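Trainee: Here it is, the structure in full.
What follows draws every value from the coordinates through simple rules; no lab data is involved. Everything numeric here is computed off the predicted structure, so don't read it as measured data. Cβ: placed from backbone, ideal geometry, glycine included. Neighbour counts: every protein chain shown.
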């Protein structure tokens, strides 16, 4: 994967480079918007990590330009300004995620992975997390390359969780996915979750419950 | 100015097609001798050839009666009977004249811009040459009184003056005389004592003087008398040296004038420079305007006689003269005074003459 | 935001114009009527004089009244405006003894004139006439019958005198208005002088000068001057507080930075990789704490800063709670804890507030709970709807705090009596600040399961405000 990092602080820039390259990425770092703009116009990137506070202008302008061109490259905003207004504005302009400084590298890696996954899915319509894969075109899920023979609702549930793998899938989203917008008992979703949990036992993956919030598909080791 | 007026008149004529301008008549009822006024009327007709002037010469009383004629009111009314003219104006028979001439007219010779005194006529005494053979001719009213008192027999039946009852002008003059001094009544008594002959107009008095019937005349219209004296060398005119009354001929446009445009043109002519020039130069009437030249101008008269001219004021006080009860009282006193000194031996002529006195108002 | 709206001068001028116009209409109407009255009086007295002059001339002869109308009476009647005149002398039966116009004197007028002189207006031949009638008791040898004297004239003179008088009144009024306007301008210059003086003084002031004003002002401006003074005082206090806070904050930041410095210094002197590793772990933890402290200081500063105008909005408390909990549940710091929502009411619950501050508030409470409870603790957020208030709560099943400590919980830099855990103690102070900003109430109590329960009571939006 080709990553574009726009960050003027050399310490952070180097940390990002060192943290993301080992994950199998090519990381290019720019310290000015002007250079980054040129790079974005000439080449293809799978993810942009954008620092808003750069000496030569507001990163939001760059983001707006990018989206105006119809470029859908995922953008993760990094900023020391954690004002909610900036955050909302950034997301409104088409940023895909937002991380306030200071951040832990672990969190950064998780976000980057999720974004890259989504980016990948946009490319080949295929989801993968750990030993689990899901092909949205054929509707086939595999675990350790073994096809999982799942009922329709469990398959839908798995797809939903995999779309947000590593982060929490809101409970409402899953319910809508499985049962449509009709009224549904509070425990209906829990039934399918526990069925899926059983199937994933020993796969190195698990589904964690966040009370009232949703579920997360995560690797056991984390 | 006349040319412009004609142009305006033509313009109006064009606007009103039913009004044939060529035979647009103008009726003037006037107590003014036609032959005296002839040059004035000719000049007007020349200046306004499109107006057909109908000048009716009547006595003052007739003129006054015509004003109230509702059937065919005249356009312009001219009379020297000042109180009667004034009364008619006060009764709203006149209409206002709005013109530069009217505005420029001296205040003392107009009232309400409705009636205008357009001539200036001194009142004079006249005597026959014969008189000076016996006595010094009188120069003042006091002289006259002395003369009448001292030469009563000599002057018996030789003196003449206006009849206050038959002449509006005469009545007005006596009223005005009486206003100035109460000794006027002594003069009346003295005139009564000499069996003074009462005439209805100045012409009759002048004729009597020329014929030798009268030696002395009192309160004659100066304009007529002066012209007469020029052609009759036996008659002398004396402007009284103490005071000389001045009478004005008054003209107004009738409220219901059938031809108001022509009437305005006529009055403007009378008051205008040209009309006044004709009055001063070609008629024996004196002009009022001071900016015209001629033998008969008010200014020239003032220069000759000095400041002893007493114009009869053209104002509301004149109205008192036509008040019926005042007139009756005046006439009563006149008669009483006239007969006072002749009572012991009453003369033959006078009572019969005064029996003509009409008590009613002269309208 | 200063919006310039006209000038005092134009405002005063408009007021002056409006009042003067209204007053002017009244005054001019009054002036017109009084002019009319004055003209009436002036000319009525001439009518009276003329009538008296005529009365003088009435005499009795043989039981009949006779009158020789005096010329003077008529001249008085005509006035210098050359009015047309009317006079009539009537005997006791109403028969005309003498008179000049056929103007009928109505019996009603005669009756009224018999008791006292009367004035009246009458139209005759389309013209307005002013008439005056009075009765005259006369003494004669045979009879004492009264006679009535009526006089009248047209009204040109009255009209023109009214006009002249009115014109004078109007002229006087206009001059007065102009003078008043000029005086007003001068008076305003004088009256506004203290304002100019104050302005100059303010303009000369240094930006840092927060001393009270030293100037003379009129009574009307005292309030404004005092307000300015109190504004300066508050600014001074605010600045002093900010300085104090900055000093405190610097001190707070210096401490961990000093730790970082010494730790890294020691590690650099050492040759042992184990010692390096140990030092790095400490540096990492300290850096994390320091950045948290910095962001909390920032929040605190932001809260202390003047409130941005109209920053509050109608907010669905449920959505906010959900969003904040969701955000925190994903964070690294929360992975060892069980963060969750209690079951929430079905319909949205609205309160008035600033979204960022409320997020900050909940975030701090969650952060506190994460820090002061052992791993594995259960942290639950929820909403309870009361009659007047909406309660947002967060509870944990940790060790809790003692009642004595609870009272001091929200003073800055206090750590709930514990020195063992990380944190600056700023969190609860921030929370307290935000709570007060929202006119809410906070209650800290021990939870049923033994942990801490923080309850926030927000005033509901009224039905009207919700609409």
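Trainee: So how do A:101, B:158, C:254 line up by other beta-carbon neighbours within 10 Å, fewest first?
Mentor: C:254, A:101, B:158
Trainee: So what is log10(I(q)/I(0)) for the range C:1-154 at q = 0.19 1/Å, when the Debye sum runs over its Cα atoms only?
Mentor: One equal scatterer on each Cα of the range C:1-154 leads to -1.12.
Trainee: Continuing with the same structure: Within 10 Å of each Cβ of C:354-362, how many other protein chain Cβ atoms are there on average?
Mentor: Per residue, the number of nearby Cβ atoms from other chains is 2 on average.
Trainee: Take the Cα atoms of the range A:111-213, find their three principal axes, and give me the spread along each one in whole Å, biggest first.
Mentor: 35, 26, 24
Trainee: How many Cβ atoms of partner chains, on average, are near each residue of B:312-321 if near means within 10 Å of its Cβ?
Mentor: 6
Trainee: Among A:179, B:118, which comes first, then next, by fewest other beta-carbon atoms within 10 Å?
Mentor: A:179, B:118
Trainee: Additional query: What is the distance in Å between the Cα centres of the range B:261-311 and the range C:338-372?
Mentor: 117
Trainee: Could you give the radius of gyration (one decimal) and Dmax (whole number) of the Cα atoms in chain B, in Å?
Mentor: 21.2, 74
Trainee: FRET efficiency for residue C:441 and residue A:198, Cβ-Cβ distance as r, R0 = 60 Å, nearest 0.05?
Mentor: So the FRET efficiency works out to roughly 0.80.
Trainee: May I ask you to derive the relative contact order of chain C, considering only C-alpha pairs under 8 Å and at least 6 residues apart, and to give it as an integer percent?
Mentor: Answer for chain C is 9 percent.
Trainee: Helix-only estimate, please: 222 nm mean residue ellipticity of chain A, summing -39500 (n - 2.57) across DSSP H runs of length 4 or more and dividing by its residues, to the nearest 500.
Mentor: -13000 deg cm²/dmol
Trainee: Continuing with the same structure: For a protection proxy built on the mean count of beta-carbon atoms within 10 angstrom, sort A:193-201, C:196-204, B:232-240 highest first, please.
Mentor: Final packing ranking: B:232-240, A:193-201, C:196-204.
Trainee: Only bridges whose two residues both fall in the protein assembly as shown count here: according to DSSP, what percent of them are antiparallel, nearest 5?
Mentor: Of all bridge pairs located within the protein assembly as shown, approximately 70 percent are antiparallel.
Trainee: For peptide A:205-212, what's the mean number of Cβ atoms from other chains within 10 Å of each residue's Cβ?
Mentor: The mean count of partner-chain Cβ atoms within 10 Å per residue comes to 5.
Trainee: Sorted from largest down, what three extents in whole angstroms do the Cα atoms of the range A:2-124 have along their principal axes?
Mentor: Principal extents (largest minus smallest coordinate, Cα): 31, 30, 26 Å.
Trainee: Taking the number of other C-beta atoms within 10 Å as the exposure measure, put B:146, C:7 in order starting with the fewest.
Mentor: C:7, B:146
Trainee: If you take the Cα Rg of the range C:115-267 and divide it by 2.2 N^0.38 Å, with N the number of residues, what do you get?
Mentor: Relative to the rule-of-thumb radius for its length, the range C:115-267 sits at 2.95.
Trainee: What's the Kirkwood radius of the range C:219-304 in Å, using all Cα pairs?
Mentor: 16.2
Trainee: Can you say what percent of the DSSP beta bridges in chain C, counting only those with both residues inside, are antiparallel? Round to 5.
Mentor: Restricted to chain C, the bridges split so that about 95 percent are antiparallel.
Trainee: For chain B, what does -39500 (n - 2.57) per DSSP helix run (n ≥ 4), summed and divided by total residues, give at 222 nm, in deg cm²/dmol to the nearest 500?
Mentor: -13000 deg cm²/dmol
Trainee: For chain A, give the share of DSSP beta bridges that are antiparallel, in percent and rounded to the nearest 5; count only bridges with both residues there.
Mentor: 55
Trainee: Can you give the FRET efficiency for residue C:214 and residue C:170, using 1/(1 + (r/R0)^6), R0 = 60 Å, r = Cβ-Cβ distance, to the nearest 0.05?
Mentor: It comes out at approximately 0.70.
Trainee: Just to be sure I understand the curve: with the Debye formula and one point per C-alpha of the protein assembly as shown, what is log10 I(q)/I(0) at q = 0.04, 0.05, 0.06, 0.07 Å⁻¹?
Mentor: So the normalised log intensities are -0.55, -0.59, -0.65, -0.78.
Trainee: What does the helix-only formula give at 222 nm for chain C: each DSSP H stretch with n ≥ 4 adding -39500 (n - 2.57), the total divided by the residues, and the result rounded to the nearest 500 deg cm²/dmol?
Mentor: Rounded to the nearest 500, it is -18500 deg cm²/dmol.
Trainee: How large, in Å, is chain C by the Kirkwood hydrodynamic radius built from its alpha-carbon pairs?
Mentor: 32.9
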